[in-house]
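Shown next, in structure tokens, is the structure this report addresses.
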């Protein structure tokens, strides 16, 4: 059993910017030297999320609109009153979606469905540079 910790960065636009990070994760798994195992994809921070979805314009818009309905940006959150930064909704969305996702791999290839991609969502109200952490565990 071996553990490899890797990372990569990306620039985001904020405001529910959704980025397909599958190619970067697949590259790091392939380069890890491990054949069988799992990779956990993690975003350190409380205003972003990691999940899986088909990376297709229609479903991405559906996801964004669903988040607007369930956790709207245009209402006040207690966090906003305390900090004045207007991103209370970002923290709640992050808590709902989650900040990590785990994927199995075999023969150094991610095991994902045909229409399944790993996505990063930046819920914050501004653009940011984000670091994604990968912990690859296997043999």
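Structural remarks
- Annotation: peptides 29-35, 125-131, ranked by per-residue average of other Cβ atoms within 10 Å with the highest first, follow the order 29-35, 125-131.
- On Cα atoms only, tilt of 88-97 relative to the major axis of the chain in degrees: 30
- Principal-axis analysis of the Cα atoms of the chain puts helix 57-70 at an angle of about 50° to the longest axis.
- In the chain, the longest principal axis of the Cα atoms and the axis of helix 22-31 are about 30 degrees apart.
- Gyration tensor (alpha-carbon) shape descriptor, the stretch 48-116, a/c threshold 1.5: oblate
- Per residue, the average separation of C-alpha pairs within less than 8 Å and at least 6 apart gives the chain a relative contact order of 54 percent.
- Cα gyration tensor shape of the chain, rounded if a/c is under 1.5, else prolate or oblate by comparing a/b with b/c: prolate
- Alpha-carbon centroid distance for the pair the stretch 57-119 / the stretch 1-28, whole angstrom: 14
Just so you know, all these numbers are worked out from the coordinates, no wet-lab data involved. Keep in mind it's a predicted model, so treat the numbers as computed, not measured. Because the Cβ atoms are built from the backbone with ideal geometry, glycine has one as well, and the counts that use them run over all protein chains shown.
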